[in-house]
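Enquirer: Let me begin by handing over the structure; questions about it come next.
Since every read-out is calculated from the coordinates, none of them should be taken as a lab result. In this text the structure is predicted, and so the values were computed from the model without any measurement. We place every Cβ from the backbone using ideal geometry, glycine too, and count neighbours over all the protein chains shown.
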Amino acid sequence: MDIPELLQPFALASQTRFGELTVEVAPRNLVEACRVLKHDLGFERVSTITAVDRFPSSPRFEVVYHLHSVRNRQRIRIKTRVNEDAELDSVTGVWRGANWYEREVFDLFGVRFANHPDLRRIMMPDDWSGHPLRKDYPVEGYK
Amino acid sequence: MSSQDTLTLPGGPDAATAGRRTMTLNMGPQHPSTHGVLRLVLELDGERVLSAKPDIGYLHTGIEKEFEAKTYQQGVTLTDRIDYLANLSNNLCYALAVEKLLGIEVPPKAVYTRVMLTELTRISSHLVWLGTHAIDLGAMSVFLYCFREREELLRIYEMFSGQRMMTSYFRIGGLALDHPRGWRRRVAKLLDELPGKIDEYEDLLTNNRIWKIRTQGIGILPVEDMLDLGITGPMLRAAGVDYDIRKAEPYSGYDLFDFRVPTRTENDVYARYQVRIEEMRESVKIARQALEGMPDGPFTADAPKVVLPEREKMKTQMEALIYHFKIVTEGFRVPEGEVYQAIESPRGELGYYLVSDGTAKPYRVHVRGPSFGNLQALPSMIQGGLVSDVIACLGSMDFVLGDTDR
């Protein structure tokens, strides 16, 4: 699958491997790109949102959006890179289903989302400190 | 409670101006109909649900973190524990994802065995769903019928893998073990019996008036909302969307099999019941095709750096011994890259997003559990309905909390 023309202006980089298209966009263009993807390119659902911690490189986190078009039988992966102190715009305004996925990324990685309706921890207890899926968080041990 | 006036009214200003009191009800985390530990905070006006907030995370076990500390092959054992009612679907999805990164193909015998057992898993998962869903709605006996057949299915898994539930039977590069003795007769007998057994469940429910009243016209959610909120699987198909990953993006040789994707348009709890019943019948057909067409040959791929060598070779060939030592002590290295593999699990889209940095342990494994996406739509589905319908809606979603919380 080639990169769609409408997405060209947002793309910083793109590659296709194993038949999967990955497009990287800048954090400030994310919501705009997602609107185009949903309304013009038919990606009506977000399959999953997650992050990868690239500690110690900077920007530290890759936030990864897997989008899916049931109608066109297409999948696409959108990536954006942010640092710990940055806030990323939430895409809950585009797909309501992004809500819990962004909460999960916030909970387990500590990436904060701006304009999210309900940004609370989802897996860990509310009074938990730390973000377990970060690479500098130990796999085992006692508090 | 001495005075009514001093009580703060839950439910906010709307409830106060309407002059009515609403009640906040904690359903769960130990409510039997939540099938695990899910807490639902319901805001009620009498019997009517004003809003609902699911609270998950009680079963969070940090499996995604644990993946990063295990070698790829060890990771298979974690996948069983994510969705414990569809363990083989999870084994399959993970194995396919790693095999895609490694670029290895498994032999036909492994492909057919995988399809056969995954379809049996779909049946056993749907049986647990049907039994518990019926119990929730007051039909006790269905549960006993369903678990009768599920028991035989678990025995078949045990026969193949040595384990009833935590099978870990599909390994990266093929299967863990060769077929056990006598499997063909055992599976064939079950497949012969199953259509009649499914008729039995239908006799109990399909035309049952109470069942129909409790399920018809309940839990309707527009298709656009379903897609927007992340619902997949049988629920989407009961809303008329003809989407099944086995057909749309065939994996593990599903394009070699002849089957139908059942759909309904009523979009209620009853339609979801009908879709799942039909799916069980289709799964029987697929499993039978796999059984009858089962090829001979090796059950693991020809990939000496990934798959453990045969015992005999290990004792006679130097290379085999070296590979064995390397695989056991440090695991195998997976080339750098990332992959997203989606399969149709009994509950919907199950996906594994795998990132490799070229070492013997995954850099990141993310599991897109179907239950997580489905459960997110629950508030929209039950809003405005009755408390008793909440139970019906919960049942029709068929979520597993292990899959939701991981």
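Enquirer: Amide H neighbours of residue B:264 under 5 Å, at least 5 residues apart or on other chains, H built in the peptide plane: list them.
Expert: Amide H neighbours of residue B:264, under 5 Å, 5+ apart: B:238, B:239, B:240.
Enquirer: Once you order the gyration tensor axes a ≥ b ≥ c over the Cα atoms, which shape class does the protein assembly as shown get: rounded for a/c under 1.5, otherwise prolate or oblate by comparing a/b with b/c?
Expert: Oblate shape, in that a/c is at least 1.5 and b/c is the bigger or equal ratio.
Enquirer: When we measure straight from the Cα of residue A:38, which lysines land under 29 angstrom away, once same-chain ones fewer than 8 places off are left out?
Expert: Counting by Cα, and skipping residues close in sequence, residue A:38 has these lysines nearby: A:79, B:53, B:100, B:247.
Enquirer: Could you give the angle, 0 to 90 degrees to the nearest 10, between helix A:98-109's Cα long axis and the longest principal axis of the Cα atoms of chain A?
Expert: Compared with the principal axis, the helix lies near 40 degrees.
Enquirer: Continuing with the same structure: So how strong a dipole does chain B carry about its Cα centre when Lys and Arg Cβ are +1 and Asp and Glu Cβ are -1, to the nearest 20 debye?
Expert: In debye, rounded to 20, chain B gives about 980.
Enquirer: Moving to a separate point now. Tell me, what is the percent relative contact order of region B:63-405, built from C-alpha pairs under 8 Å that lie six or more residues apart?
Expert: Relative contact order for region B:63-405 comes out at 27 percent.
Enquirer: Follow-up. Between helix B:318-330 and chain B, what is the angle of the helix's C-alpha long axis to the longest principal axis, kept within 0 to 90° and rounded to the nearest 10?
Expert: The answer is roughly 30 degrees.
Enquirer: About its Cα centre, how strong a charge dipole does the protein assembly as shown have in debye, to the nearest 20, once Lys and Arg get +1 and Asp and Glu get -1 at the Cβ? Each step should come with its number before you reach the end.
Expert: On the way: 68 positive and 76 negative charges, 192 e Å.
Taking the Cα centre of the protein assembly as shown as origin, the dipole is about 920 debye.
Enquirer: Then there's this: Which of B:255, B:228, B:83 moves most in a GNM of chain B, Cα contacts under 10 Å?
Expert: So, out of B:255, B:228, B:83, the one fluctuating most is B:228.
Enquirer: Residue B:164 to residue B:387: extension gain in nm, 0.36 nm per residue of separation minus the Cα-Cα distance?
Expert: Between residue B:164 and residue B:387, full extension yields an extra 76.7 nm.
Enquirer: Among all the lysines, which ones have a C-alpha under 17 Å from residue B:313's C-alpha, if same-chain residues fewer than 8 places away are not counted?
Expert: Within the straight-line cut-off, residue B:313 pairs with B:305, B:326.
Enquirer: I'd like the Karplus ³J(HN,Hα) series for region B:38-46: coefficients 6.51, -1.76, 1.60, θ = phi - 60°, whole numbers in Hz, and an x wherever there's a Gly or Pro.
Expert: Each residue's phi maps through the Karplus curve to give 10, 10, 10, 9, 9, 9, 10, 10, x Hz.
Enquirer: In whole Hz, what ³J(HN,Hα) sequence does region A:64-73 give by Karplus (6.51, -1.76, 1.60; θ = phi - 60°), x for Gly and Pro?
Expert: The phi angles translate into 10, 10, 9, 10, 9, 10, 5, 5, 9, 6 Hz.
Enquirer: In addition: Once phi is turned into ³J(HN,Hα) by the Karplus curve 6.51 cos²θ - 1.76 cosθ + 1.60 with θ = phi - 60°, what whole-Hz value does each residue of region A:12-20 show in order, with x for glycine and proline?
Expert: Couplings: 8, 7, 7, 8, 10, 9, 6, x, 10 Hz.
Enquirer: Amide H of residue A:51 versus every other amide H placed in the peptide plane: which residues, excluding those fewer than 5 positions away on the same chain, fall under 5 Å?
Expert: A:64
Enquirer: As I understand it, the dipole of the protein assembly as shown uses +1 on the Cβ of Lys and Arg and -1 on the Cβ of Asp and Glu, about the Cα centre. Which of B:379, B:238, B:52 lies farthest toward its positive end?
Expert: My answer, from the dipole projection, is B:238.
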